[in-house]
Amino acid sequence: MKEDVRIQPLSIKGWLYCLLTGFIVLLFQGSIEGWLIPDGFGPDLSLILVLYLGLFAPLHSGALIVTALGFFKDVSGGGAFGVHPGIFLVIFLLEGQLRQKIDPAAPWYQMLYIGAFTLVSGSMVWLSFYLLGGPSPAPPETFSNPMFAYLLSCLLTAGVGPIFFWLFDLIVPWFGLRTEAES
Amino acid sequence: MSARLRLIAIVALFVIVVVALSVGSGNRRDMSVPEKVLVEVLATFQEGLMGSARSVEDLWRGYFFLIGLREENEALKKAQARLRGQVDQLREAGQANERLRKLLNFKSENDYTVLGARVISWDPSAWFKSVIINRGSEDGLRPGLPVVTDEGVIGRVVGVSPRFAKVLLMIDYNSSIDAIVRRTRVRGILAGRSEKTCLLKYVLKNDEVSKDDVLVTSGLDGIFPGGLTLGTVSRVKAMGPAIFLEVDVTPAVDFKRIEEVLVLIREEPLF
């Protein structure tokens, strides 16, 4: 990850590229990933994108984009409409508080960072349904041990996270988030 | 943008999310227009992507896994001959049944048109269980229609766009199906939990349910016709002083591998 990236306001092109990237990520997550890993514990690629945006995107436009990504995710799947926009927004704002203090440049640091936020995301799903008063959704079940499967899912998300951070780094110029040297 | 405006924008976003949650957690009949548009666009690309992936898979299977093909072919021919005999017998039984029904003036309970569909995408969230199929309102689908396979119940349609439909799987926590135990006719509500286990609720302690009992749809919920296989009882446990038993059910369908499904289209709702 580029260490000298500064937060720049997003251009219209940047908005479009961010939303398009989110669309492609969800496209892949709902089709190919679900087909290759049918147990449902595949990495949460949309969350990885939200975490990346949380480190780079400006507050107001980034918040809108991650909320939109959350709505995309809810529409393409089941569950109560509005859960993921809320979760993504809270995670984005949390990252906003942290990004001045940390810089997860090293892959191992990124894995820890992503793994921690994946756990936070899962806890928020449970909390949201507890507050809504309905039955709690079961986490992905593999090996007949839901908690084990959920932790496996977190590990997988954390494991592939740096790869996707690297991929997103390659298209950062398209987002309009230029380095000081390039701007 | 000033700090105050940013705060207002963030608060406004939260309000929108809370409103969406309030609306979304209620009993929605169908998808809204923006949802339909998004599903149409997303599912169109997913259908293309899955089509390509399945072509590659078929190519792999067709050209690289020819070992045992001849033996498998012979075995299948024998099985086909045996099944043909069974089909003939069943056809006879079906015709006799129809004659008897006419005599007794019963209305046929199976006034359904069966429509095949293919699963083109799975829920991107691991917490919820739904799929999108490549049939929509243009094919006569509407929310509430049952979706099955030859193994048993898959779920029901919860939203349709012109060319695609969202199916809530019976293993989703939001799913509830009126069920009966085939052997003893004990009735309960089958609630989805996970791919391996569902929960049969409201079974009284005195009701006769045991391990390996087969669970079928009762036909009383107005959605599923009666007699469709749901699963098998895997565990029955009395929970202390509680009046209900805790009954775990293993779904009949392997939800990890569903590719083709059947939608049962009835002209009029049951109720």
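Quick note: the coordinates plus some simple rules give every number you see, no bench work behind them. Quick caveat, the model's predicted, so the values are computed rather than measured. Note that we place each Cβ from the backbone using ideal geometry, even for glycine, and neighbour counts take in every protein chain shown.
Report the gain in length on full extension from B:A3 to B:R70: 0.36 nm times residue separation, minus Cα-Cα distance, nm rounded to one decimal. Spell out each step's value before the answer.
On the way: separation 67, 0.36 × 67 = 24.12 nm, distance 7.34 nm.
Computed gain between B:A3 and B:R70 is 16.8 nm.
Once you've got the Cα coordinates, tell me which of B:K36/B:K129; A:K73/B:K237; B:K77/B:K256; B:K77/B:K196; A:K13/A:K73 are over 26 Å apart. Each step should come with its number before you reach the end.
Working: B:K36/B:K129 19 Å; A:K73/B:K237 38 Å; B:K77/B:K256 28 Å; B:K77/B:K196 33 Å; A:K13/A:K73 22 Å.
Result: A:K73/B:K237; B:K77/B:K256; B:K77/B:K196 exceed 26 Å.
Sort B:V186, A:V83, B:V87 so the one with the fewest other Cβ atoms within 10 Å of its own Cβ comes first.
Working: B:V186 20, A:V83 27, B:V87 11.
Exposure proxy ranking, most exposed first: B:V87, B:V186, A:V83.
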### Query
Under the definition of partner shielding as Cβ atoms of other protein chains within 10 Å of a residue Cβ, what is the mean value for peptide B:188-201?
3
### Helix B:69-104 vs. chain B, principal-axis angle (Cα, 0 to 90°, nearest 10)
80 degrees
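How high is the relative contact order of chain B, given as a whole-number percent (alpha carbon pairs under 8 Å, six or more residues apart)? Before the final figure, lay out the partial values.
On the way: 461 pairs, mean separation 44.9, N = 271.
After rounding, I find 17 percent.
Could you give the alpha-carbon Rg of segment B:170-249 over 2.2 N^0.38 Å, rounded to two decimals?
Values: Rg = 11.5 Å, N = 80, 2.2 N^0.38 = 11.6 Å.
So segment B:170-249 has a normalised radius of gyration of 0.99.
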### Task
Could you pull out every residue, at least 5 positions away or on a different chain, whose amide H is within less than 5 Å of the one on B:E195? Hs are placed 1.01 Å off N in the peptide plane, and Pro or chain starts have none.
A:E141
### Task
Please work out the FRET efficiency for the pair B:V11 and B:K237, using the Cβ-Cβ distance as r and a Förster radius of 41 Å; give the result to the nearest 0.05.
0.30
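Using the Cβ atoms and a cut-off under 14 Å, what net charge is assigned to the surroundings of B:T229, where Lys and Arg are +1 and Asp and Glu are -1? The partial results should precede the final answer.
Working: positive: B:R182, B:R183; negative: B:D150, B:E151, B:D212, B:D213, B:D254.
Spelling it out: positives minus negatives among the neighbours equals -3.
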## Note on the structure
Label model pair A:H60, B:D150: point-to-point distance (7 angstrom along the Cα→beta-carbon line) in nm is 6.0 nm
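Given an 8 Å cut-off on Cα distances and at least 6 residues of separation, report the relative contact order of segment B:176-255 as a percent.
Details: 193 pairs, mean separation 23.8, N = 80.
Dividing the mean separation by the residue count of segment B:176-255 yields 30 percent.
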### Task
With a point put 7 Å past each Cα toward its Cβ, work out how far A:L155 is from A:L167 in nm, to one decimal.
2.2 nm
### Inter-label distance for B:S52 and B:R182, nm, one decimal - labels placed 7 Å from Cα along Cα-to-Cβ
4.3 nm
